[in-house]
Amino acid sequence: MAPLTIQQATKSFGGLQVLHGIDIDMNDGEFVVLVGPSGCGKSTLLRLIAGLEDITTGEIRIDGKGVSRLHPKDRDIAMVFQSYALYPHMTVAENMGFSLRMRGESAEVQRRKVEDAANILDLGPLLDRYPRQLSGGQRQRVAMGRAIVRDPKVFLFDEPLSNLDAKLRVQMRSEIRSLHKALKTTIVYVTHDQIEAMTMADKIVVMRGGHVEQIGSPMTLYDAPANVFVAGFIGSPA
Ligand code: ADP
Ligand code: MG
């Protein structure tokens, strides 16, 4: 669990500025959803938090500690992408335990953490299977399992459901919500799907063109959108 604060974050690629003075405060254990049209800077912001891109100016703090210049592995953050590439030659258990093995954890610790994560994600019976023997939803759960075993303080999701069919998407939404309840970590979840945002978020951050347009609870955004853009975005069908 950790509060996450982003202060005046900007990002430029060469001469192109894609994030302009982003300020966001996330509480301990909050489920925060970043929404906005394609190209507005959601993934870039997530990658700044993860340390996969260097921040241009501004600061990101986790638990009050500035992490903007820390290496990704020192940030206590796990990220789940939309293309969740699993290692094809490793079993589910080996996929999930891989980062622990790299970290030099004992076989006993690896086994325990993988089993705990498998229980949370209902993957117990699948631990000896290979990725090709799994459905899309099961693979997505293994990808989450790989992240969970590392006990991250903050979880980042970048459109994790966009490759799944509509029915599975609805099911995975509630699985991710339960996961959040079980782990109580801070989650930053990116989607361009406003229904997903409205149903999953404690707090929604609406972005456009590298700016934050409004931050609020789903009800606040619905009842009191700050401007026509937010009203149109929240009100329109997926
Ligand atoms: P979103 O995730 O909201 O669709 P992105 O964060 O991927 O948006 O992209 C925001 C803007 O930054 C886009 O205009 C995109 O083309 C640009 N961008 C993203 N990554 C790079 C990069 N590595 N180099 C140059 N431009 C980039
Ligand atoms: Mg993106």
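Here is how the numbers come out for the structure above:
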{"item": "Qualifying residue in region 133-151 (condition: modelled with pLDDT of 95 or more and not in a loop (DSSP other than H, G, I, E, B))", "result": "yes"}
{"item": "Looking only at region 168-187, and only at residues there that are in contact (Cβ under 8 Å) with a residue 60 or more places away in the chain and not polar (S, T, N, Q), the one that is farthest from Pro152 (Cα to Cα)", "result": "Arg177"}
{"item": "Selected residue (criterion: nearest to ligand 1 (Cβ to nearest atom)) from residues of region 67-76 that are more than 15 Å from the chain's Cα centre (by Cα) and not in a helix (DSSP H, G or I)", "result": "Ser68"}
{"item": "Of all residues in region 210-234 being surrounded by fewer than 14 Cβ atoms within 10 Å (Cβ to Cβ) and under 24 Å from Ile176 (Cβ atoms), the one that is farthest from ligand 1 (Cβ to nearest atom)", "result": "Met219"}
{"item": "Failed condition for Gly51, given (1) modelled with pLDDT of 90 or more; (2) more than 16 Å from ligand 1 (Cβ to nearest atom); (3) surrounded by 18 or more Cβ atoms within 10 Å (Cβ to Cβ)", "result": "(2)"}
{"item": "Residue under evaluation Thr10, criteria (1) buried (at least 18 other Cβ atoms within 10 Å of the Cβ); (2) more than 9 Å from ligand 1 (Cβ to nearest atom); (3) within 20 Å of Ile215 (Cβ to Cβ); (4) not basic (Lys, Arg), criterion not met", "result": "(1)"}
{"item": "Every pair of residues 6+ apart whose Cβ atoms lie under 6 Å, when the first sits in region 42-57 and is within 14 Å of Phe81 (Cβ to Cβ) while the second is assigned to a strand (DSSP E or B) and of a type in the set (Asp, Glu)", "result": "Ser43/Asp158; Leu46/Asp158"}
{"item": "Residue satisfying all of: in region 1-35; small (Gly, Ala, Ser) and either within 15 Å of the chain's Cα centre (by Cα) or part of a strand (DSSP E or B) (or both); farthest from His180 (Cα to Cα) among these", "result": "Ser12"}
{"item": "Residue in region 58-75 that is touching a strand residue (DSSP E or B) at 6+ places or on another chain (Cβ under 8 Å) and closer than 22 Å to Met172 by Cα present", "result": "no"}
{"item": "Matching residues, region 186-209, being small (Gly, Ala, Ser), touching a helix residue (DSSP H, G or I) at 6+ places or on another chain (Cβ under 8 Å) and either surrounded by fewer than 14 Cβ atoms within 10 Å (Cβ to Cβ) or part of a loop (DSSP other than H, G, I, E, B) (or both)", "result": "Ala201"}
{"item": "Matching residues in region 34-79 - criterion: being more than 16 Å from ligand 2 (Cβ to nearest atom) and among the aliphatic types (A, V, I, L, M)", "result": "Ile55, Ile60, Ile62, Val67, Leu70, Ile77, Ala78"}
{"item": "Some residue of region 60-81 being touching a helix residue (DSSP H, G or I) at 6+ places or on another chain (Cβ under 9 Å) and among the polar types (S, T, N, Q)", "result": "yes"}
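Residues checked against (1) over 23 Å from Ser162 (Cβ atoms); (2) modelled with pLDDT of 95 or more; (3) buried (at least 19 other Cβ atoms within 10 Å of the Cβ); (4) within 13 Å of ligand 1 (Cβ to nearest atom):
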| position | (1), (2), (3), (4) |
| --- | --- |
| Gly14 | yes, no, no, yes |
| Gly21 | yes, yes, no, no |
| Ile24 | no, yes, yes, no |
| Ser38 | no, no, no, yes |
| Thr57 | yes, yes, no, no |
| Ile62 | yes, no, yes, no |
| Lys65 | yes, no, no, no |
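The values are calculated or read from the model by the stated rules, or taken from the named source; none is laboratory data. Everything numeric here is computed off the predicted structure, so don't read it as measured data. Every residue, glycine among them, receives a Cβ derived from its backbone with ideal geometry; neighbour counts consider all protein chains shown.
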